[in-house]
Amino acid sequence: MSWRVANSLETLRRQIDARFPARSVAADGSIGDAAHEKRGRDSDHNPWYGPGIVTARDFTHDPAHGLDIQQMADQLLDSRDPRIKYVIANRRIAVNTSWQWGPYEGANPHEAHFHLSVVADPRCDESQNWSLPILDEAPDGGGGDGSAGNFVTWGTGVNVRAQPRLDAPVVAVLSGPTRVTVSCQTRGDMVNTAGRSNDAWAFVPDLGGYVTNIFIDHPDAWLPGIGEC
Ligand SMILES: [Zn+2]
């Protein structure tokens, strides 16, 4: 029987390969295999939809080369991408009705890989990029350490605005990851993008404006050690 992987999963694989070129693929997989845990009538690794379309894919845990399955799985849930059916990682499963982690009792604990199933309808073939912060961040080693306001942005086409508001004039656009010096931060318009919500904005004097803290490459919503404007 001929088969193929759903286009949305191929997009994610391409994005992951581009972001983590040295990653291990030891536990990667797509189609069900009688010699592997993926067998079984109910598995989305079988090409039952279409039929001939596999709606699940596994990606290998390889934190040494940047792909941490828990971080990736958490960001998939945060993204609320409508193509997601469920995610399994580290003995837990989350489905697209609650988006909350619960215990996973399957035989394979999914500690060496995470599993993503996409929905069994035409959305599984939508091939737009997945919007996950981990896939857009500056390469390892390029990050700022936050000392003296030293940070690095991530993402592309990031607007710098004259005020911490979405309707304020754009004074600069950051085409890619950029090293910036943040002098202070303030509360402004709530920004919802890249699977995050944040109303904090960082003021960058060199650029003469504010960048939403979402695109400052730091895990905290409110940057540590930076005063309020
Ligand atoms: Zn799987």
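The values are calculated or read from the model by the stated rules, or taken from the named source; none is laboratory data. No experiment lies behind these values; they were computed from the predicted model shown. Cβ: placed from backbone, ideal geometry, glycine included. Neighbour counts: every protein chain shown.
A few notes on this one:
- Selection from region 54-65 of residues that are in contact with a strand residue (DSSP E or B) (Cβ under 6 Å, 6 or more places away or on another chain) and surrounded by fewer than 21 Cβ atoms within 10 Å (Cβ to Cβ): T60
- Filter result for N192 (in a strand (DSSP E or B) and either closer than 30 Å to R57 by Cβ or modelled with pLDDT under 85 (or both)): yes
- In region 7-49, residue nearest to the ligand (Cβ to nearest atom) [restricted to those that are under 21 Å from P122 (Cα atoms), part of a loop (DSSP other than H, G, I, E, B) and modelled with pLDDT of 85 or more]: H45
- Considering residues of region 66-96 that are in contact with a Phe, Trp or Tyr (Cβ under 9 Å, 6 or more places away or on another chain) and in a loop (DSSP other than H, G, I, E, B) only, the residue surrounded by the most Cβ atoms within 10 Å (Cβ to Cβ): R83
- Every residue from region 184-201 that is touching a Cys at 6+ places or on another chain (Cβ under 8 Å) and surrounded by fewer than 18 Cβ atoms within 10 Å (Cβ to Cβ): C184, T186
- Restricting region 63-119 to residues that are hydrophobic (A, V, I, L, M, F, W, C) and more than 16 Å from the chain's Cα centre (by Cα), the residue that is farthest from the ligand (Cβ to nearest atom): A64
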